[in-house]
Amino acid sequence: MMLLKCSIFVVFITTVFGNTVKVTNTVQKEATSNLGLFGEWWETSVFYQIYPRSFKDSNNDGSGDIQGIIQKLDHIQDVGVDAVWLSPIYKSPQVDNGYDISDYRDVDEIFGTLDDLRQLVDEAHKRDIKVILDYVPNHTSDQHAWFQASLKNESGYADYYVWKDAVIVNGTRTPPNNWISEFKGSAWEWSEERQQYYLHQFSIAQPDLNYRNPAVVNEMKDVLRYWLNFGIDGFRMDAVFTIFEDAEFRDEPLSGDPNSGPEDYGYLDHIYTANQNETIDLIYQFRELLDEYNANQSYPRVMMTEVYSDINTTMLYYGTEDGSRKGAHFTFNFITFITGLQKGYSTFDLQDSIINWLRHIPSSYTSNWVLGNHDQTRVSTRLGPENIDALNILVSILPGVQVTYNGEEIGQENGEVTCEQGYDPQAIKNCSTFNQTSRDFQRTPFQWDSSINAGFNEGAETWLPVSQKYLQTNLADENVTTVNSHYNIYKQTIDLRQSFRNQTGYFVSFTSIGNLFVAQRFLFDTDNYYALYYNVGDEVMDPVPLSINATATVIIRSNNSAYSIGDVFDYNGSLQAREAVLLKLDL
Ligand code: GLC
């Protein structure tokens, strides 16, 4: 009966309309339990990424901190998210904004203390919000005690990092091979002290740990256990694709990318430094550790992995194809909305990008949707502020997990930062390319209200400047003053998502006709059908070129829409440029 209904639905949407080019794609998956595939909390959750230094400064010293996050838990609860993921708050010289850790078991004083973190976890848990920490396995800070001991060849630590002798060419010392750092230039740095090169796939201050040394593997597994015992609900695993390198240290071939010069990471094809088999196996080992811990817990602690790669490689991080070994609960989907979509996208681009993910993900894995993070130009800036509501609404009807970067809920755009004000280590090396390379723009303080420094603090100079756009875009105005604001729309989308929790499977379908993009979602359990109508173009659409044989009630609409919630959608009416309406269909 259920499947019959689905096929009837497909008939509705494949009705032909004139000679307009139309492409329809459908994806259907069934789940076996009441809550996603495994019946676990995270599968339909919204994860909210907090960039702690820019979230809320409680002590007016210019940097956000843990007490600031505690102060804002009401907001986080109001947003309706299930879990927060904190970018690193560990002890760090902050060369790469905390991704260079000098003590994995302590909190940096910029952010507070371990007690503050404990308080945050307790307060969040009282509100039924989980707390996920960033975990940075590939490298430590060069200030970490392990590296300092390794520099001195101290017993027990000599092989904690990847050390290699120089190659002497015509009497000159050169690095062991041609590997390039993600942050430009050779991935090898000479140590006068040890008279060897060490590997750093990121900045010079971030030496790569040597995972071929079992002591390092044990040490880093202990770090995971430490935080699990602390009460953390999971990990976002940083830059995992770089963990292992080729044991023979072979040169990498040229990529042939015409846009990359010899110093650029893109210059080489990273067949020996990225996504090695041992790396993927280690992720499976981390999962085994989590599963062992989870066996005695009332709910599972989760892990999500950060991998920028092609879709087939990305899928390996979820687990083996035959299901015999599990990996991340989910590995971030950067493919659909980040690497796979550019400003000015067409309906077909959007459809292809979503379908590409859904087609590749095996039924036993949970999808996820990511619009942005601290490494990417903010989605409002990247894909256009006029699309933010449509994208938030679209994500709300896609199956699986949603990840929101703080500020996306208010449509915050990139801020304004000069090279002199910047911190991003890869960008400040060369001010002439700062505007193209810096990630500081997406890290400026959260815009809370229209008071001084956007309410981030009480007026002290902020570590990165507050964006001048805060008077137009801030939470307080969007929450209270503007009825159909980005924030209120975002909250409606989260409410809807939360109502999907009792799904037992899904059916999604996408249709593109000219500039009209239609996404439909059917919930098996509740027999509810939803359709998003989104005019991707710059022109008014009058009338919309596709109607469904059903009465449709508007339940969410973008901020430029003339519709009100509860209106019956008029298929013969018009849709403004970039207008999006989410409809509940009465079939
Ligand atoms: C990850 C982080 C990024 C950091 C890099 C090195 O990609 O998201 O911010 O610079 O790892 O740790």
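The values are calculated or read from the model by the stated rules, or taken from the named source; none is laboratory data. This is a predicted model, so every value here is computed, not measured. A quick note on method: Cβ atoms are made from the backbone with ideal geometry, for glycine too, and the neighbour counts reach across all protein chains shown. SASA here: full protein model, heavy atoms, side chains in, ligands and nucleic acids out. Shrake-Rupley method; radii C 1.70, N 1.55, O 1.52, S 1.80 Å.
Structure data summary
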quantity: Helix axis angle, 2-13 relative to the chain longest principal axis, alpha carbon, degrees; calculated: 80
quantity: Helix-only mean residue ellipticity at 222 nm for the chain, each DSSP H run of n ≥ 4 adding -39500 (n - 2.57), per residue, nearest 500; calculated: -7000 deg cm²/dmol
quantity: Directionally averaged shadow of the chain, computed from the convex hull of its alpha-carbon atoms, nm²; calculated: 27.5
quantity: Partners for residue 429 among lysines (Cα-Cα distance below 22 Å; same-chain residues under 8 apart left out); calculated: 184
quantity: R0 of 56 Å, Cβ-Cβ distance residue 586-residue 152: FRET efficiency to nearest 0.05; calculated: 0.15
quantity: Label-point gap, in nm, between residue 342 and residue 159 - each point 7 angstrom along Cα→Cβ; calculated: 4.7
quantity: In degrees, nearest ten, helix 277-294 long axis to first principal axis of the chain (Cα); calculated: 70
quantity: Furthest towards positive pole of dipole, 156, 555, 380, structure part the chain, Cβ charges; calculated: 555
quantity: Accessible solvent surface per residue of the range 424-465, calculated while the other protein chains remain in place, 1.4 angstrom probe, Å²; calculated: 41
quantity: Nearest 10 degrees, 0 to 90: helix 486-499 Cα axis against the chain principal axis; calculated: 80
quantity: Cleavage-rule hits (GluC sites (Glu not before Pro)) in the range 362-437: DSSP loop, at most 16 neighbouring Cβ within 10 angstrom; calculated: 416, 420
quantity: Computed label-point distance, nm, for sites residue 295 and residue 501 using a 7 Å Cα→Cβ extension; calculated: 2.9
quantity: Heavy-atom SASA rank of 326, 91, 429 (probe 1.4 Å, accessible area, largest first); calculated: 429, 326, 91
quantity: Cut-off under 5 Å, modelled amide H: who pairs with residue 191 long-range; calculated: 196, 197, 198
quantity: Estimated FRET transfer efficiency when R0 is 51 angstrom, pair residue 285-residue 538 (beta carbons, to 0.05); calculated: 0.50
quantity: Whole-Hz couplings from phi, Karplus 6.51/-1.76/1.60, listed for the range 252-257; x for Gly and Pro; calculated: 8, x, 6, 7, x, 5
quantity: Candidates per trypsin sites (Lys or Arg not before Pro) in the range 128-215, loop by DSSP, up to 14 other Cβ within 10 Å; calculated: 152, 212
quantity: Loop-located GluC sites (Glu not before Pro) in the range 266-348 whose Cβ has at most 14 other Cβ within 10 Å (DSSP); calculated: 321
quantity: The range 362-477 shape via C-alpha gyration tensor axes, a/c threshold 1.5; calculated: oblate
quantity: Amide proton proximity set for residue 401, modelled H, under 5 Å, gap of 5+; calculated: 367, 368, 369
quantity: Distance violations [Cα-Cα > 19 Å] among 126/221; 72/130; 152/221; 343/469; 56/343; 72/491; calculated: 126/221; 152/221; 343/469; 56/343
quantity: Signed unit charges on C-beta, dipole axis of the chain, positive-most listed residue 313, 83, 509; calculated: 509
quantity: Percentage, to the nearest whole number, of Cα pairs in the range 198-237 over 17 Å apart; calculated: 48
quantity: DSSP bridge pairs, the chain: antiparallel proportion in percent, nearest 5; calculated: 70
quantity: Under-5 Å amide H pairs with residue 180, H placed in peptide plane, nonlocal only; calculated: 187
quantity: Kirkwood Rh and Cα Rg combined as Rg/Rh, the range 523-587; calculated: 0.97
quantity: Test item: Cα-centred dipole of the chain, Lys/Arg +1 and Asp/Glu -1 on Cβ, debye; calculated: 1320
quantity: Rounded percent of accessible protein surface that carbon and sulfur make up, the range 118-175, 1.4 Å probe; calculated: 43
quantity: Euclidean distance of C-alpha centroids, the range 292-314 and the range 352-420, integer Å; calculated: 20
quantity: Percent antiparallel among DSSP beta bridges (both partners in the range 173-322, rounded to 5); calculated: 60
